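Heads up: the structure comes next, in structure tokens.
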Amino acid sequence: MELQRCAWATSAPDYVAYHDEEWGVPVRGDDALFERVCLEAFQSGLSWITILRKRPAFRAAFAGFSIDAVAGFTDEDVARLLADAGIVRNRAKIEAARRNARAAQQLPEGLSALLWSFAPTGERPNPATLADVPAVTAESTALAKELKRRGFAFVGPTTAHALMQATGMVDDHVADCFRAGVARLG
């Protein structure tokens with residue numbers, strides 16, 4: 001019998017692997033979460049499959065998403081990134097990654113602690129259908145507002161919710177998906 005998955009995850013092998021192995025699994029650690037913040041920002045306006053397929057090139061281009069390394073990027077690094085066909089060459093998003101790294105360096109509690117402080121507490125039912133999966137929540141709106149207050153860019157409420165979904169802060173696997181509830185366990 002074939003496993004039941006969230007409907008969005010069935011159109012390509014890349015999606016199936018991402019859904020089954022990563023999406024909704026708790027992620028902690030400043031650099032690991034910085035990578036996800038950056039990738040979600042780069043995805044804005046594009047298909048997630050584009051970002052997934054370019055992720056190895058993104059990791060190489062952005063020094064493994066080391067906050068300290070990206071914070072030290074110069075204008076020459078920005079020019080290098082704008083010439084890198086392996087990534088999404090959008091100046092505003094590249095500049096946002098550098099800005100966000102610098103903002104992350106200034107967080108006394110660290111990026112991981114800040115992000116996870118906005119994760120909802122307590123149990124909530126998994127969405128029944130894909131149509132029931134929210135694009136924005138009160139928590140993602142509050143997170144986006146706080147990140148912007150702290151100097152981050154490209155982190156609106158929808159991007160913040162996608163980040164929360166991807167990193168296991170919320171479990172938005174649909175109720176009949178084999179990963180529903182399991183992702184919370186890490």
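Taken together, the values in this text are just the output of simple stated rules run on the coordinates, not laboratory data. The structure displayed is predicted, hence computed values, not measured ones. We place every Cβ from the backbone using ideal geometry, glycine too, and count neighbours over all the protein chains shown.
Can you give the relative contact order of the chain as a percent, counting alpha carbon pairs under 8 Å and 6+ residues apart?
Numbers: 244 pairs, mean separation 60.3, N = 186.
Normalised by residue count, the contact order of the chain is 32 percent.
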Once the dipole of the chain is set up from charges on Cβ (+1 Lys and Arg, -1 Asp and Glu), the residue from the list Ser47, Thr74, Trp116 lying farthest towards its positive end is Thr74
With +1 on the Cβ of every Lys and Arg and -1 on the Cβ of every Asp and Glu, and nothing else charged, how large is the dipole of region 11-74 about its Cα centre, in debye rounded to the nearest 20?
200
Can you compute the helix-only [θ] at 222 nm over the chain? Use -39500 (n - 2.57) per DSSP H run of at least 4 residues, normalise by all residues, nearest 500 deg cm²/dmol.
-15000 deg cm²/dmol
Equivalent ellipsoid dimensions for region 13-185 as semi-axes, Å, which come from the Cα gyration tensor, largest first
27, 19, 13
Pop a pseudo-label 7 angstrom from the Cα along the beta-carbon direction at both Leu46 and Arg99 and give the gap in nm to one decimal.
1.8
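Quick check for me: using +1 on Lys/Arg Cβ and -1 on Asp/Glu Cβ, what's the dipole size of region 13-185 about its Cα centre, in debye to the nearest 20?
Values: 20 positive and 22 negative charges, 106 e Å.
About 520 debye.
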Could you give me the ³J(HN,Hα) list for region 135-145, computed from phi with Karplus coefficients 6.51, -1.76, 1.60 and θ = phi - 60°, whole Hz, x at Gly and Pro?
8, 9, 10, 4, 5, 5, 5, 5, 4, 4, 4
Compute the distance from the alpha-carbon center of region 3-22 to that of region 96-114, in whole Å.
30
Most mobile of Glu123, Glu21, Glu35 per a Gaussian network model of the chain (Cα springs, under 10 Å)?
Glu123
